[in-house]
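The values are calculated or read from the model by the stated rules, or taken from the named source; none is laboratory data. What you are looking at is a predicted structure, and each value in this text was computed from that prediction instead of being measured. Cβ placement follows ideal geometry from the backbone for every residue including glycine, while neighbour counts extend to all protein chains displayed. Just so you know, the surface numbers come from the protein's heavy atoms only, side chains and all, with ligands and any DNA or RNA stripped out. Shrake-Rupley method; radii C 1.70, N 1.55, O 1.52, S 1.80 Å.
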Amino acid sequence: MRTFIVFALGLICLAATTVFARADDAKLPSMFPFVIPWDDATPGTAVDVSYLNAKPAGVNGFIVVKDGRFVEAKTGKRIRFMATNFTFASDFPSHEDADKVAAHLAKLGINLVRIHHHDIDHSPLWDKSTGGHTKFDPVAVDKLDYLLAQFKKNGIYVDLNLHVSRKFTAADGFPASVNDITDVEFDKRIDNLDRRMIDLQKQFAKDYLTRVNPYTGLSYVNDPAVAIIEINNENTLAGWPTESPNQFFDKLPEPFRGEVVRLWNDYLLRKYRTTAVLRKAWVKAPAAAATGPVDLLGSNLKWRVEDRVGDVKLTTVGPGTTSTMPAVDIVNPGPTEQAWWKQLHVTGLNLNEGGVYMLSLRAKSDREQVVQAYTSLDQDDWHHLGLDASLKVGPDWHTFRYVFQAVRTMPGHARLSFILGTSAGELSLADVKLSRTTSDDVLDKGQSLEAHNLDFPMLTTNEQRSDWRKFLVDTELAYVNEMRAYLRNDLKVHGNIVDTQMSYGDPAGFLREADSDFIDNHAYWQHPHFPGRPWDPVNWLVPNSPMTDDLVKGNGGNFAHLACERMAGKPYTVSEYNHPAPSDYQAEMYPEVASYAAAQDWDAIFQFDYGNYGTGRTLDRIQGFFTMQGNPAKEAFVPAAALIFRQGLIAPLSSKATLHVPASFPYGIDMTTELWRKASDGKLPDLTANRIATVVDRTVTAPKLVRSTGPASATSVKAVSSPAGSQYLAVGSAASAAAGFFGGEQVDLGTAKLTFPEFGNNFAALTLTTLDAKPLGQSSHLLLTITGKAENLGMVWNADRTSVGRNWGRGPVQAEGIPATVTLANASVKHVWALDPTGARVKEVPVTVSGGKASFTIGPDYRTVWYEIGE
């Protein structure tokens with residue numbers, strides 16, 4: 001997760017403003033306080049699943065990989081992880097708070113914590129006297145060591161991250177221009193290439209991992225409680241397949257830009273030896289000559305503004321010609337969080353596959369700025385078609401010309417676009433022309449391999465693009481191999497090593513992570529977006545719709561890319577997952593991801609992130625977008641999620657669908673999900689009927705989908721549309737999970753049926769788990785977790801219910817009680833108890849037993865989200 005969330009983790013209610021409409025607390029009769037104490041470790045309750053954790057962590061040896069799974073080295077027993085992230089100050093608590101929070105996490109069933117954002121510039125970790133990031137503060141190190149010792153004591157393993165949010169500075173031995181690397185956070189990408197940055201990463205790893213923790217007597221390289229070592233967080237040198245060099249590399253300050261140029265020339269010299277050979281390779285005729293008119297633009301076409309903010313003003317100031325667009329002035333009051341939220345387009349163009357084209361234009365601006373120009377599809381999935389150029393525009397008119405070769409085209413569905421959301425200002429465009437041409441020479445005058453002065457390519461031809469992509473992928477691979485070897489061979493790390501998340505650089509991740517011990521990924525459903533400046537605490541939006549809607553439409557929600565990017569034969573983890581608050585539908589998160597991951601046979605799920613905790617803090621409310629602590633729509637589901645996933649109460653699906661991709665795939669331009677669609681008649685595979693994986697197979701030359709059908713499975717996972725709306729239903733032999741619009745309907749979960757009246761927005765999420773691991777129809781001890789919305793008191797929504805701005809409200813947090821009649825095909829059930837936020841029984845719910853079935857009615861009057869069911 002990007003470190004700007006440090007702001008989000010501290011979002012606390014402030015005074016309401018007049019632009020928001022307050023919901024009257026008195027009008028929410030179904031809501032009640034439900035605050036789970038951060039330090040509760042009350043033993044023996046139905047929600048105490050600490051018995052799942054073998055104590056201390058590592059008692060059964062190191063966690064190793066066998067047959068594509070994590071296992072305990074001494075026992076050979078498989079282990080799955082229900083995990084969370086600790087970030088920023090949460091990594092450095094007092095000893096007293098560390099004792100309490102570790103015991104609380106164990107009670108919830110968490111057995112792995114990812115130590116994250118510990119290395120940010122303002123972290124307590126750094127000795128501030130140096131001004132850099134090469135020396136640790138002993139007080140902070142002591143706090144971290146003690147916390148990790150307490151985790152170990154409570155059966156909780158750790159995932160140690162090496163580079164998350166540390167930014168290199170002049171005090172670390174770099175030129176002052178290192179501060180001008182701003183296009184990517186925390187010196188990512190370039191840190192895969194710059195030699196001093198790599199050496200400092202090694203030094204950090206040595207200092208961090210080889211220290212002996214005085215509270216365990218072990219270094220972190222030798223401690224079996226260290227299950228995972230991550231080299232990088234969300235980092236890739238290779239970038240996205242169709243990305244132009246000037247989207248990042250051309251903007252690097254010297255000497256960093258020059259270093260990339262030097263390595264690029266080294267690569268070309270090794271491959272081609274001479275300029276003549278290179279020129280011949282790069283200038284190849286397309287498979288078919290371009291057809292149609294020479295000039296693709298003209299006054300008969302119109303400019304179209306895409307503006308998600310609504311403040312861009314476009315004025316036509318000059319006529320076009322038969323070959324050029326009308327001249328325009330664009331006034332943009334401000335940048336946007338995502339630059340593409342403001343764009344200027346010409347759509348409906350026809351680019352021929354392999355055709356060579358030239359874009360020429362004149363441009364000026366009232367201030368220095370960089371404007372991206374590109375070609376792409378004018379429909380979903382909007383992939384780029386060959387042109388990616390950066391126009392460095394200033395107060396004087398300047399003429400630009402770019403030659404490119406069109407790739408992955410679709411007749412009549414190309415567009416020419418200019419991205420406007422990078423910076424504020426007035427931009428003028430004139431004589432904009434797009435025409436067919438030839439690629440007689442792809443090198444600028446005076447450039448040659450012999451002179452070692454070839455600049456970044458404009459990706460004029462497919463061959464040029466291929467070389468640039470291979471240079472980046474191979475350079476990234478060399479870096480990762482070097483770091484893995486250093487950790488394993490020099491430092492003697494025992495933990496399982498991964499570089500970074502598979503989706504970063506997809507499809508290059510399949511090559512980069514091939515020798516990692518496992519595969520990791522991240523996913524967020526409807527991450528908040530910021531129309532103005534990044535992480536603005538006032539100006540942000542969430543779409544506020546459930547993932548069940550997307551699943552029913554066949555788009556796959558978060559599960560599409562997560563499933564398709566799993567590498568066959570390796571353990572698979574998701575080290576960041578969330579459905580951020582304040583969504584009305586955030587309660588769907590754990591029931592869906594725990595059951596889906598269990599059915600897919602994944603190996604670890606990490607919620608991001610646990611949040612603030614500690615003595616003296618006000619912790620009775622939802623803290624922000626991502627925090628689990630204090631949020632009953634999330635934290636309340638953790639014990640059930642741990643049972644479902646760690647105990648396998650929902651068994652893996654028996655049928656498999658595996659996509660075999662050629663060895664050339666990591667160097668290509670197709671994302672993994674695109675290849676799946678190509679192999680599945682343009683659609684994603686059935687994500688709920690099969691276990692999904694992808695494998696690089698040197699025996700195939702094109703993507704090949706291989707299916708295998710196993711015996712009938714006790715697990716059923718499906719997304720359905722009902723009269724009430726979208727629903728996700730997962731049923732296993734010993735647990736069920738569901739989320740969706742249930743109001744006014746009966747939901748069939750096999751041996752359990754729930755009948756709902758209409759309520760609130762009719763959306764709820766639930767899990768029903770056995771506490772004795774017996775089948776649902778035979779169990780004499782079960783836990784029902786069920787809720788809908790979760791909100792702070794006085795939380796103030798805007799009129800569209802897409803933001804609360806700063807107005808997050810106050811505690812105590814309110815949970816929605818869901819009315820339903822529950823019928824179980826289990827006559828042994830005689831008692832049902834409503835539980836308080838510690839899991840203690842507070843009120844008995846009447847049970848009726850008839851015809852071999854037990855039934856009871858729940859609702860907001862019981863003021864709980866937890867119901868214990870027993871004999």
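Would you list, by chain and number, the aspartates and glutamates whose Cα falls below 18 Å from the Cα of residue 107, excluding same-chain residues fewer than 8 positions away?
39, 40, 48, 96, 97, 99, 609, 635, 772, 836, 868
Per the Cauchy relation, a quarter of the hull surface: what is the mean projected area of the convex hull of the alpha carbons in segment 116-216, in nm²?
6.7
With 5 Å bins from zero, work out the P(r) of segment 22-157 over every alpha carbon pair and list the percent per bin.
Histogram of Cα-Cα distances, whole percents per bin: 2, 9, 15, 16, 14, 13, 11, 9, 5, 3, 2, 0.
State whether segment 677-836 is rounded, prolate or oblate according to the following rule on the C-alpha gyration tensor (a ≥ b ≥ c being the square roots of its eigenvalues): a/c under 1.5 gives rounded; otherwise a/b larger than b/c gives prolate, and the remaining case gives oblate.
Taking the square roots of the gyration eigenvalues as a ≥ b ≥ c, segment 677-836 is oblate.
Which order do the peptides 672-679, 696-703, 781-788 come out in when sorted by mean C-beta neighbours inside 10 angstrom, highest first?
Result, highest mean Cβ count within 10 Å first: 781-788, 672-679, 696-703.
Please work out the FRET efficiency for the pair residue 212 and residue 321, using the Cβ-Cβ distance as r and a Förster radius of 56 Å; give the result to the nearest 0.05.
Efficiency computed from Cβ-Cβ geometry: 0.15.
Could you state the angle between the C-alpha long axis of helix 462-485 and the longest principal axis of the C-alpha atoms of the chain, as a value from 0 to 90 degrees rounded to the nearest 10?
50
Viscosity 1.002 mPa s, temperature 20 °C: Stokes-Einstein D of segment 686-759 from its Kirkwood Cα radius, in µm² per second?
143
Please give the peptides 158-167, 257-266 ranked by average Cβ packing (other Cβ atoms within 10 Å per residue), highest first, as a rough proxy for protection.
158-167, 257-266
Reachable lysines from residue 66, Cα under 21 Å, same-chain residues fewer than 8 places away excluded?
Once the sequence-local lysines are set aside, what remains near residue 66 is 74, 77, 492, 570, 656.
List, largest first, the extents of the alpha carbons of segment 344-471 along their principal axes, each in whole Å.
Principal-axis extents of segment 344-471 (Cα, largest first): 42, 37, 25 Å.
Just to be sure I understand the model, the point goes 7 Å from the Cα along the line to the Cβ. What's the resulting residue 77 to residue 663 distance in nm?
Distance between the two pseudo-spin positions: 4.2 nm.
Could you please state how large a percent of the accessible area of the chain is carbon and sulfur, counting protein chains only and using a 1.4 Å probe?
C and S fraction of accessible area: 52 percent.
Tell me, how many Å apart are the Cα centres for segment 617-661 and for segment 339-403?
43
With N set to the residue count of segment 556-690, report its C-alpha Rg divided by 2.2 N^0.38 Å to two decimal places.
1.23
Which of the three applies to segment 733-784, rounded, prolate or oblate, going by the alpha-carbon gyration tensor with a ≥ b ≥ c and a/c under 1.5 meaning rounded?
Verdict is prolate for segment 733-784.
Where does the Debye-calculated log10 I(q)/I(0) of segment 533-580 sit at q = 0.26 Å⁻¹, using only Cα point scatterers of equal weight, no solvent?
For segment 533-580, the Cα-only Debye profile gives -1.03.
Given the peptides 483-491, 77-85, 704-712, arrange them by the average over their residues of other C-beta atoms within 10 Å, most packed first.
Descending mean neighbour count gives 77-85, 483-491, 704-712.
Roll a 1.4 Å probe over the protein chains and send me the accessible area per residue for segment 26-152 in Å².
Each residue of segment 26-152 exposes 36 Å² on average to a 1.4 Å probe.
Given the Cα atoms of segment 411-517, and with Rh set as the inverse mean 1/r over their pairs in the Kirkwood sense, what is Rg to Rh to two decimals?
1.12
Out of the GluC sites (Glu not before Pro) in segment 433-535, which ones are loop residues according to DSSP with at most 13 other C-beta atoms within 10 Å?
Those satisfying the criteria are 450.
Taking R0 as 45 Å, what's the FRET efficiency between residue 849 and residue 618 from their Cβ-Cβ distance, rounded to 0.05?
Using R0 = 45 Å, I get an efficiency of 0.50.
Let a ≥ b ≥ c be the square roots of the eigenvalues of the Cα gyration tensor of segment 304-374; is it rounded (a/c under 1.5), or, if not, prolate (a/b larger than b/c) or oblate?
It comes out prolate by the Cα gyration axes.
Tell me the mean residue ellipticity at 222 nm calculated for the chain from its helices only (DSSP H runs of n ≥ 4, each -39500 (n - 2.57), averaged over every residue, nearest 500).
For the chain, the value works out to -5000 deg cm²/dmol.
Please give the FRET efficiency for residue 705 paired with residue 195, using the beta carbon to beta carbon distance and R0 = 56 Å, rounded to the nearest 0.05.
The value I calculate is 0.85.
How many percent of all Cα-Cα pairs in the chain sit more than 39 Å apart?
44
Provide the gained length on full extension for the span residue 553 to residue 799, in nm with one decimal, where the gain is 0.36 nm per separating residue minus the Cα-Cα distance.
This chain segment gains 85.9 nm when fully extended.
What is the spread of the Cα atoms of segment 764-868 along each of their three principal axes, largest first, in whole Å?
Here the spans come out as 52, 27, 25 Å, largest first.
If one computes the Cα centroid of segment 741-770 and of segment 680-712, what distance in Å separates the two points?
Taking the Cα centre of each part, segment 741-770 and segment 680-712 sit 33 Å apart.
Within segment 846-871, which residues have the backbone N less than 12 Å from the label spot 7 Å out from residue 831 along Cα→beta-carbon, could you tell me?
Inside the label zone: 868-871.
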